[in-house]
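What follows draws every value from the coordinates through simple rules; no lab data is involved. If you're wondering where the values come from, they're calculated on a predicted model, not measured in any experiment. With ideal geometry, Cβ positions are generated from the backbone for all residues, glycine too; neighbour counts draw on all protein chains shown.
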Amino acid sequence: MSNHLLTLAIVLVLAATGGAHSEQQHQHDTPISRFQNYLRINTAHPNPNYTAPVSFLTAIAQTLNLQIQTLHFTPSKSKPLLLLTWPGSHPSLPSLLLNSHLDSVPAESHKWAHPPFSAHRTADGRIFARGAQDDKCIAIQYLEAIRTLKAADFAPIRPVHLSFVPDEEIGGLDGVAKFAASEEFRDLNVGFMLDEGQANPGDEFRVFYADRTPWNLIVKAKGAPGHGSRLYDNGAMENLMKSVEVMTRFRAAQFDVVKAGKAALSEVISVNPVYLKSGIASGDGFAMNVQPSEAEAGFDIRIPPTVDPELVRKRIAEEWAPEARNLTYQLIEKGPTRDFRGRPLATPTDDSNPWWSVFKQAIASAGGKLAKPEILASTTDARFMRQQGIPTLGFSPMTNTPILLHDHNEFLKDTVFLKGIKVYESVISALSSFVEISE
Ligand SMILES: [Zn+2]
């Protein structure tokens, strides 16, 4: 191990002393330019171009001599999944999987300082693009780290796989969900996966050991209609408003726990009303003297892995949308809450998980400091891997960086991007070469 690092250090010194001349010669083909070129491929929804990024990454993989497979999990083959492999000297050992998604959310170009698919780099090194943080940075960083390790003659013991997947931003159902359930995936014998994380304005690396599971709840109320002037029981609006009151109290109680500093935002159940629908349309407004016979409300609910989902289901049925108040509801659970053995979808971040110990040590070796492991407030593809029982951490090495995912003017600084490559060199070499595993 220390020999590898020594060799790596020598190669890095040689590369650094190559000087400005070779830097200029290759300025069109550097880690930064490859990052910019990847960012210039528009893979934003609702019509992401998946062909171009797969070709682009395949070309890089060829220069690195990696094994290349393109998998399809839809009949139209319009959503390719690129799978690269760096074989290990001990192919029977559980492998390391590095995941990133090909797609991005849309960008409102006119609200950006620089066009979102130009990957413009300012004088102070900020590279502006949709996907700069979420999550095209890690795709190129994985590959650049492998490039450096290969140049230093590092050879992994375990196989290292890289997956570049479609549709994460729309739920991953045609992407990682199908991949994780496939025979191709089982054959990879994945022991540990790294997936995307988030930036930190501070100087510690954030790491995520679980996601919250999103649920959509639609509550529908029915009741007798009547004149707007009447007072009577069991109107649709009255019944629905009672639900809204009960849920609002629950929301406040959860939020109080956060405000009191007893839990992070991602550690409680969030319940947020997102739409209300009722009224009898009349002209360009509503009939104000009619109490409507139907009303509906929609809620975004997020369930942390520490909560028993059955208790929330019971609460919905008994308190939030009880039949007794003429309410019906539709609950859409957008992803699993338990793994295939019925355990919470959370990856251990203690010494019971040997991958964690190696990961933590590798960050320290790269001169980095890890923040306290967190639950992600939102959702990523990682949940589908955790459902398969595979320990998975969310990690994007971005320190001293404002959190701009899905925001206008998303950017990543060149120095932060390059430092991230160094971090992955340490992480990939360590995770792919440790052998003591108690399974
Ligand atoms: Zn993402």
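The table below lists the values:
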read-out: Distance cut-off 24 Å, percentage of C-alpha pairs in the range 317-439 lying past it; value: 47 percent
read-out: Length released on extending from residue 340 to residue 77, taking residue separation times 0.36 nm less the Cα-Cα span; value: 91.9 nm
read-out: Inter-label distance, nm, simple model (7 Å from Cα along the C-beta direction), residue 290/residue 58; value: 5.8 nm
read-out: Base-10 log of normalised Debye intensity for the chain (one unit scatterer per alpha-carbon) at q = 0.09 Å⁻¹; value: -0.64
read-out: Cβ-based charge dipole, the chain, positive-most Cα from 336, 30, 237; value: 237
read-out: DSSP beta bridges in the chain [antiparallel fraction, %, rounded to 5]; value: 70 percent
read-out: Percent of C-alpha pairs per 5 Å bin, the range 213-333, short to long; value: 2, 11, 19, 20, 16, 12, 9, 6, 4, 1, 0
read-out: Eligible aspartates and glutamates near residue 369 by straight Cα distance, threshold 17 Å, same-chain separation 8 or greater; value: 203, 204, 350, 425
read-out: Unit Cα scatterers, Debye sum, the range 105-166: log10 I(q)/I(0) for q = 0.12, 0.15 Å⁻¹; value: -0.46, -0.64
read-out: Where N is the number of residues in the range 329-399, Cα Rg divided by 2.2 N^0.38 Å; value: 1.29
read-out: Debye, to nearest 20: dipole size of the chain, +1 on Lys, Arg Cβ, -1 on Asp, Glu Cβ; value: 240 debye
read-out: Over 25 Å (Cα to Cα) - which of 259/372; 150/422; 222/259; 150/360 fall in this group; value: 222/259
read-out: Stokes-Einstein translational diffusion, the range 392-435 - Kirkwood Rh over all Cα pairs, 1.567 mPa s, 4 °C, in µm²/s; value: 107 µm²/s
read-out: Nonlocal amide H pairs with residue 120, under 5 Å, H built at 1.01 Å; value: 128
read-out: Surrounding net charge for residue 265, when Lys and Arg each add one and Asp and Glu each subtract one, Cβ distance under 12 Å; value: +2
read-out: Calculated FRET value between residue 123 and residue 415, using beta carbons and R₀ = 22 Å, to 0.05; value: 0.95
read-out: Highest-fluctuation residue, 129, 224, 377 considered, GNM on the chain with Cα pairs under 10 Å; value: 224
read-out: Per residue Cα convex hull volume in Å³ - calculated over the range 112-270; value: 262 Å³
read-out: Sites residue 314 and residue 153 - FRET efficiency at Förster radius 51 Å, r taken between beta-carbons, to 0.05; value: 0.30
read-out: Listed residues 68, 327, 430: farthest to the positive end of the dipole of the chain (Cβ charges); value: 327
read-out: Sparse-neighbour loop sites [chymotrypsin sites (Phe, Trp or Tyr not before Pro); the range 307-390; at most 10 other C-beta within 10 Å; DSSP]; value: 340
read-out: Using distinct alpha-carbon pairs, which all enter the 1/r mean, Kirkwood radius of the range 32-157 in Å; value: 16.0 Å
